[in-house]
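Reading through the structure tokens given below for one structure.
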Amino acid sequence: MRGPAHAPLRAGRLLRQAQAAMELIRLLALAMLALQPGVAGGAETVGNSSVGVIEFSVGKFRYFKLNRPFPEEAILRNISSNVTFLIFQIHSQYQNTTISFSKQTLLPNSSGTGTDKGLVFILRPEQSMCFWYLETLDSEPVQNVAIPLSYSERDPVPGGCNLEFDLDIDPNIYLEFDFFETTIKFAPANLGYARGTDPPPCDIRTGQDSRWRLQYDVYQYFLPEDDLTEEGLLKHLQRMAEVPQVTANAIKVVTLTANDKTSVSFSSLRGQGVIYNVIVWDPFLNTSAAYVPVHTYACSFEAMEGNCSSLGRVSTKVFFTLFALLGLFICFFGHRFWKTELFFIGFIFMGFFFYILISRLTLINYDVRLILTAVAGSVGGLFLVAAWWRFGILMLCMLCVGLVLGFLVSSVTFFTPLGNLTVFRNDGVFWVTFSCIAILIPVVFMGCLRMLNIVTCGFIGSYSVVLAIDSYLYTSLSYITLNVLKRALNTHFRSAFTNVPFQTNDFIILAVWGMLAVSGITLQIRSERGRPSFPPHPYKLWKRERERRVTNILDPSYHIPPLRERLYGRLTQIRELFQKEQPAGERTPLLL
């Protein structure tokens, strides 16, 4: 009876011995792998995943490629005993990769798929080794960079109080974007705790001894303009992974408390690489931890039309190129050619409001909207010229001119950090302030209308060149007016931060803008010296000239036939050109 009773115990002992032997063989294989050159060591190591096992070191980046049919195993050994949890993160440019705790089955609560993903590994007592599994479903090889980061029991746990996303502890930042805004979301963090103990409860207490004392600093980092390379992105992502590097290199946009919503919106910058990260800080212990950074270009690399490599539409380039040619003429000769300037101002007025109206009320194609906007703007320009020719009300025309300059000045004002103040997230406050600044400009210049007109020609005409440059080469200066247009078109844009990069291209284009504006203003002031401030009323001149021709018979123009007779005579001459010439000579028939 004794033998059969102890048979299960002997079987269990043999099974444990077999598992121990397999683990010993596995460790020996890893030791042999570690002895090979180029596997580990240094701040950055480059490897190739053909061997099926990738070894990592804490705090060191590792480059490697993943192939579709070959999932890889990531191993971290010799973990210090004072480390409580690890965050393993992996990044790629636009191809998805999957990271999981399990090799066989991918469960939503233990795996993540994307371009910027990470997992939190809570260590057990005496544990000194961790495993993760990496794979990709993309048909092409995916270049990745990954790093494991360690934290102690005093550090807060990013995503430790997750109730919204799939992972039990989710350190990831979830990003969504459209043409108007880019939104990031993340799960609340929890207080740190020692190995082998239960995590602190998330929502039982709200005092200073709970996770409600934590604060979240949201950081933004801009990649170099026009840099869409994979190497550039993976290099700059290394500056946004650890807390000291994030605080040293990135811009802190906002600080959230535990009572705030863990969601932040930014203005979308199509074609401009941006990296976001969140640092959770425990003010009581003065410790912090970083979430997994996330990046975006606000465009798609795989789209057939309008992808990141070809953002400028042909219709946009044609529209703004013609607009810039007219604006450049206005910049240097606008005051001399007064009617042409009025057409330019009327085009801007009518085109801007018509585009907002048609975009909010209809769903027609962008190219059609741009054509209709050009037609409506031309009608607006002709209407303003016709109003000046017929009525000659100078104050009305100069009000339109001053409001266009005021619009640009107001847009520049909100382009500065002033536009990110919390008070201006209210639409009423924003639009009232914006309108007051725009109206203030013509009021200030009311006593010197000629100077107002020349300054408007210089700045508005030269800014049209900036917009044309943006359709070919990215520049942040285009967002001076584009942010205002976005706010007028999208009601949710009011909560977005409108930070933009200001790099070498922008300084050069800003210098070009300033040079054109100053040159145009100086040239027009010098050329208009000694001339009348504005031309006389065209309709009165025409009427006076007509009356003079009627009463003065000595004027040669008095003998000019009316317009109808002149047109009829011209048509007669044209008709004679197509008539067959008659033969010359005797045309009388001979008598018999």
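Go through (1) open to solvent by 30 Å² or more (accessible area, probe 1.4 Å); (2) at pLDDT 95 or above; (3) in contact with a helix residue (DSSP H, G or I) (Cβ under 9 Å, 6 or more places away or on another chain) and name the single condition residue 257 misses.
(2)
I need every pair where a residue in the stretch 429-444 that is more than 14 Å from residue 408 (Cβ to Cβ) has its Cβ under 9 Å from the Cβ of a residue that is of a type in the set (Phe, Trp, Tyr), sequence separation at least 6 or different chains.
From the stretch 429-444, the pairs are 430/414; 430/424; 433/414; 433/424.
Based on this model, can you work out whether residue 510 counts as of a type outside the set (S, T, N, Q) and over 16 Å from the mean Cα position of the chain (by Cα)? Even if it seems obvious, please write down each step before you answer.
Values: of a type outside the set (S, T, N, Q): yes; over 16 Å from the mean Cα position of the chain (by Cα): yes.
For residue 510, the condition - of a type outside the set (S, T, N, Q) and over 16 Å from the mean Cα position of the chain (by Cα) - is met.
Given the conditions (1) closer than 21 Å to residue 278 by Cα; (2) open to solvent by less than 20 Å² (accessible area, probe 1.4 Å); (3) assigned to a loop (DSSP other than H, G, I, E, B), which single one is not true for residue 79?
For residue 79, the exception is condition (1).
Considering the stretch 280-322 alone, what residues qualify as being over 24 Å from residue 116 (Cβ atoms), surrounded by 13 or more Cβ atoms within 10 Å (Cβ to Cβ) and small (Gly, Ala, Ser)?
Within the stretch 280-322, 312, 315 meet the criteria.
Can you find even one residue in the stretch 228-245 that is over 18 Å from the mean Cα position of the chain (by Cα) and part of a loop (DSSP other than H, G, I, E, B)?
Scanning the stretch 228-245, I find at least one residue that is over 18 Å from the mean Cα position of the chain (by Cα) and part of a loop (DSSP other than H, G, I, E, B), so the answer is yes.
Kindly check whether there is at least one residue in the stretch 400-422 that is part of a helix (DSSP H, G or I), open to solvent by 20 Å² or more (accessible area, probe 1.4 Å) and touching a strand residue (DSSP E or B) at 6+ places or on another chain (Cβ under 7 Å).
Checked against the condition, which is being part of a helix (DSSP H, G or I), open to solvent by 20 Å² or more (accessible area, probe 1.4 Å) and touching a strand residue (DSSP E or B) at 6+ places or on another chain (Cβ under 7 Å), the stretch 400-422 yields at least one hit.
Taking the stretch 261-279 only, how many residues are open to solvent by 20 Å² or more (accessible area, probe 1.4 Å) and out of contact with any strand residue (DSSP E or B) (no Cβ under 8 Å at 6 or more places or on another chain)?
Counting residues in the stretch 261-279 that are open to solvent by 20 Å² or more (accessible area, probe 1.4 Å) and out of contact with any strand residue (DSSP E or B) (no Cβ under 8 Å at 6 or more places or on another chain) gives 2.
Out of (1) open to solvent by 50 Å² or more (accessible area, probe 1.4 Å); (2) out of contact with any Pro (no Cβ under 6 Å at 6 or more places or on another chain); (3) more than 24 Å from residue 462 (Cα to Cα), what's the single condition that is false for residue 389?
Condition (2) is where residue 389 drops out.
Hey, does the stretch 207-214 have a residue that's exposed (fewer than 15 other Cβ atoms within 10 Å of the Cβ), without any contact (Cβ under 8 Å) to a residue 24 or more places away in the chain and out of contact with any Pro (no Cβ under 7 Å at 6 or more places or on another chain)? Quick ask: steps written out before the conclusion?
Step one: list which residues in the stretch 207-214 are exposed (fewer than 15 other Cβ atoms within 10 Å of the Cβ), which gives 207-209.
This time we only want the ones that are without any contact (Cβ under 8 Å) to a residue 24 or more places away in the chain, so: 207, 209.
Keeping just the survivors that are out of contact with any Pro (no Cβ under 7 Å at 6 or more places or on another chain) gives 207, 209.
Yes, that holds for at least one residue.
For the stretch 118-137, give me the residue count where each residue is under 23 Å from residue 199 (Cα atoms), open to solvent by less than 70 Å² (accessible area, probe 1.4 Å) and of a type outside the set (Val, Ile, Thr). I'd like the intermediate steps shown before the answer.
Step one: filter the stretch 118-137 for residues under 23 Å from residue 199 (Cα atoms), giving 118-132.
With open to solvent by less than 70 Å² (accessible area, probe 1.4 Å) added as a condition, the list becomes 118-123, 127-132.
Still in the running and of a type outside the set (Val, Ile, Thr): 118-119, 121, 123, 127-132.
Number satisfying all stated conditions: 10.
Among the residues of the stretch 97-112, count how many are touching a residue at least 12 places away in the same chain (Cβ under 8 Å) and open to solvent by 80 Å² or more (accessible area, probe 1.4 Å). Full working, then the answer.
In the first step, residues of the stretch 97-112 are kept if they are touching a residue at least 12 places away in the same chain (Cβ under 8 Å); the result is 97-103, 108-112.
Next cut, open to solvent by 80 Å² or more (accessible area, probe 1.4 Å) only: 103, 108.
Selection size over the stretch 97-112: 2.
Regarding the stretch 269-279, can at least one residue be identified that is outside any strand (DSSP E or B), without any contact (Cβ under 8 Å) to a residue 24 or more places away in the chain and at negative phi? If you could, list the steps in order and put the result at the bottom.
First, the residues of the stretch 269-279 that are outside any strand (DSSP E or B): 269-273.
Filter once more, so that each one left must be without any contact (Cβ under 8 Å) to a residue 24 or more places away in the chain: none.
No, the conditions are met nowhere in the stretch 269-279.
Has the stretch 140-151 got at least one residue that is assigned to a loop (DSSP other than H, G, I, E, B), of a type outside the set (Gly, Ala, Ser) and either closer than 20 Å to residue 280 by Cβ or open to solvent by 40 Å² or more (accessible area, probe 1.4 Å) (or both)? Step through it out loud before you land on a result.
Quick first cut of the stretch 140-151, residues assigned to a loop (DSSP other than H, G, I, E, B) only: 140-141.
Narrowing the set further to residues that are of a type outside the set (Gly, Ala, Ser) leaves 140-141.
Still in the list and also either closer than 20 Å to residue 280 by Cβ or open to solvent by 40 Å² or more (accessible area, probe 1.4 Å) (or both): 140-141.
Looking through the stretch 140-151, at least one residue is assigned to a loop (DSSP other than H, G, I, E, B), of a type outside the set (Gly, Ala, Ser) and either closer than 20 Å to residue 280 by Cβ or open to solvent by 40 Å² or more (accessible area, probe 1.4 Å) (or both).
Table: residues versus (1) out of contact with any His (no Cβ under 9 Å at 6 or more places or on another chain); (2) crowded, with 21+ Cβ neighbours inside 10 Å.
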| residue | (1), (2) |
| --- | --- |
| 176 | yes, no |
| 191 | yes, yes |
| 194 | yes, no |
| 199 | yes, no |
| 240 | no, yes |
| 247 | yes, no |
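If I filter the stretch 82-92 for residues that are under 16 Å from residue 57 (Cβ atoms) and in a loop (DSSP other than H, G, I, E, B), do I get at least one hit? Let's see the steps before the verdict.
Our first condition is that a residue be under 16 Å from residue 57 (Cβ atoms); within the stretch 82-92, this holds for 83, 86-90.
Now drop any that are not in a loop (DSSP other than H, G, I, E, B), which leaves 83.
Looking through the stretch 82-92, at least one residue is under 16 Å from residue 57 (Cβ atoms) and in a loop (DSSP other than H, G, I, E, B).
When you scan the stretch 129-137, do you find a residue that is under 37 Å from the mean Cα position of the chain (by Cα), modelled with pLDDT of 95 or more and outside any loop (DSSP other than H, G, I, E, B), even just one? Give the steps one after another, and end with the answer.
We begin by selecting, within the stretch 129-137, every residue under 37 Å from the mean Cα position of the chain (by Cα); these are 132-137.
Imposing the further condition that a residue be modelled with pLDDT of 95 or more reduces the set to none.
No, the stretch 129-137 contains no residue that is under 37 Å from the mean Cα position of the chain (by Cα), modelled with pLDDT of 95 or more and outside any loop (DSSP other than H, G, I, E, B).
Is it the case, given these coordinates, that residue 155 is in a loop (DSSP other than H, G, I, E, B), open to solvent by less than 10 Å² (accessible area, probe 1.4 Å), in contact with a Gly (Cβ under 8 Å, 6 or more places away or on another chain) and modelled with pLDDT of 90 or more?
Values: in a loop (DSSP other than H, G, I, E, B): yes; open to solvent by less than 10 Å² (accessible area, probe 1.4 Å): no; in contact with a Gly (Cβ under 8 Å, 6 or more places away or on another chain): yes; modelled with pLDDT of 90 or more: yes.
Taking the combined requirement at face value, the residue does not satisfy it.
How do the helices (runs of 4 or more DSSP H) wholly within the stretch 298-395 filter down when requiring 3 or more residues that are modelled with pLDDT under 90: which remain?
none
Within the set of pairs 6 or more residues apart or between chains, which connect a residue that is of a type in the set (Gly, Ala, Ser) inside the stretch 129-146 to a residue that is at pLDDT 90 or above with Cβ atoms less than 6 Å apart?
146/62; 146/90
List the pairs whose first member sits in the stretch 233-245 and is under 17 Å from residue 296 (Cβ atoms), whose second member is open to solvent by less than 60 Å² (accessible area, probe 1.4 Å) and in a helix (DSSP H, G or I), and whose Cβ atoms are under 7 Å apart, counting only residues at least 6 apart or on separate chains?
Close Cβ pairs (under 7 Å, with a partner that is open to solvent by less than 60 Å² (accessible area, probe 1.4 Å) and in a helix (DSSP H, G or I)) amount to 240/246.
Sort out which residues of the stretch 214-231 are acidic (Asp, Glu) and out of contact with any helix residue (DSSP H, G or I) (no Cβ under 6 Å at 6 or more places or on another chain), and write them in order of number. Spell out the reasoning first.
Going residue by residue through the stretch 214-231, those that are acidic (Asp, Glu) are 217, 225-227, 230-231.
If the condition is that a residue be acidic (Asp, Glu) and out of contact with any helix residue (DSSP H, G or I) (no Cβ under 6 Å at 6 or more places or on another chain), then 217, 226, 227, 230, 231 are the ones that fit.
Please verify whether residue 505 is among the polar types (S, T, N, Q), touching a residue at least 60 places away in the same chain (Cβ under 8 Å), open to solvent by 30 Å² or more (accessible area, probe 1.4 Å) and not in a helix (DSSP H, G or I), treating the condition exactly as stated.
Numbers: among the polar types (S, T, N, Q): yes; touching a residue at least 60 places away in the same chain (Cβ under 8 Å): yes; open to solvent by 30 Å² or more (accessible area, probe 1.4 Å): yes; not in a helix (DSSP H, G or I): no.
No: the conditions fail for residue 505.
Residue 430 - would you say it is in contact with a Phe, Trp or Tyr (Cβ under 9 Å, 6 or more places away or on another chain), at pLDDT 95 or above and either closer than 30 Å to residue 362 by Cα or in a loop (DSSP other than H, G, I, E, B) (or both)? First the steps, then the outcome.
Numbers: in contact with a Phe, Trp or Tyr (Cβ under 9 Å, 6 or more places away or on another chain): yes; at pLDDT 95 or above: yes; either closer than 30 Å to residue 362 by Cα or in a loop (DSSP other than H, G, I, E, B) (or both): yes.
For residue 430, the condition - in contact with a Phe, Trp or Tyr (Cβ under 9 Å, 6 or more places away or on another chain), at pLDDT 95 or above and either closer than 30 Å to residue 362 by Cα or in a loop (DSSP other than H, G, I, E, B) (or both) - is met.
The values are calculated or read from the model by the stated rules, or taken from the named source; none is laboratory data. Model, not experiment: these values are computed from the prediction. With ideal geometry, Cβ positions are generated from the backbone for all residues, glycine too; neighbour counts draw on all protein chains shown. What goes into the accessible areas is simple: the full protein's heavy atoms, side chains included, and nothing from ligands, DNA or RNA. Shrake-Rupley method; radii C 1.70, N 1.55, O 1.52, S 1.80 Å.
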